[in-house]
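Where a number appears in this text, it was derived from the coordinates with a stated rule and is not lab data. What you are looking at is a predicted structure, and each value in this text was computed from that prediction instead of being measured. Methodologically, a virtual Cβ is constructed for each residue, glycine included, from the backbone with ideal geometry; neighbour enumeration extends over all protein chains shown.
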Amino acid sequence: MTMWDVYCPEEDLVVIMLFPTKEAATEAAAEHNSQFSPPHTARWAVHTPGPEDPPLLSEAQREAFQRNESDFAELERHKRSVREAAEARLREADYDPGGPLFCYVCTCSQYLAPPDDEAGVDARCERDFCRHTWMQHA
């Protein structure tokens, strides 16, 4: 199956890869070109397979990735709304956290990061009285 890329001579590289149709690549090239002043002259090119190509996915795999992307976007929206609500509650209670990375759950005024080898998604503040996660801090 022939795939199409968008090649930009001004950047001397393929800027967008793997379109299923020449029309889709042409449309993407026009969008790329419009982002510059003066406009670039990117155009479609037949894709040449290479080691950097992503693996070919089945329809079920593509759908799984799309559902994952949607779920994580929903999680980000929820996380943002929870943080905004927590901040609003503290403001309404006339609480001044006193620091840029304050804790939403206790009076810790700034997240104290653990050593690099212990950091990660579940990393907790190193302050003995806090120990809340990074996500629970502003």
Using a Förster distance of 22 angstrom, determine the FRET efficiency expected from the C-beta separation of ASP12 and PHE65, and round it to 0.05.
-> 0.10
When only Cα pairs under 8 Å and 6 or more residues apart are kept, what is the percent relative contact order across the chain?
-> 14
With -39,500 (n - 2.57) per DSSP H segment of 4 or more residues and division by the full residue count of the chain, the 222 nm estimate, nearest 500 deg cm²/dmol, is -12000 deg cm²/dmol
Specify the angular offset, from 0 to 90 degrees and rounded to the nearest 10, of the alpha carbon long axis of helix 59-92 from the longest principal axis of the alpha carbons in the chain.
-> 30
Quickly rank 71-79, 50-58, 122-130 as a protection proxy: mean count of other C-beta atoms within 10 Å, highest first.
-> 122-130, 71-79, 50-58
Indicate the gyration tensor shape class of the range 4-46 (rounded, prolate or oblate), computed on the Cα atoms with a ≥ b ≥ c the square roots of the eigenvalues: a/c under 1.5 is rounded; otherwise a/b larger than b/c is prolate and the rest oblate.
-> oblate
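Could you grab the relative contact order for the range 88-138? Cα pairs under 8 Å, six or more apart, rounded to a whole percent.
On the way: 71 pairs, mean separation 16.4, N = 51.
Normalised by residue count, the contact order of the range 88-138 is 32 percent.
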By average Cβ neighbour count within 10 Å, what is the ranking of 18-27, 33-42 from highest down?
-> 18-27, 33-42
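Which order do the peptides 83-90, 98-105 come out in when sorted by mean C-beta neighbours inside 10 angstrom, highest first?
Going by the mean number of other Cβ atoms within 10 Å, highest first, we get 98-105, 83-90.
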Rounded to whole angstrom, the alpha-carbon centroid of the range 1-66 lies from that of the range 83-138 at a distance of 42
Isolated Cys residues of the chain, judged by Cβ distance under 4.7 Å to other cysteines = CYS8, CYS106
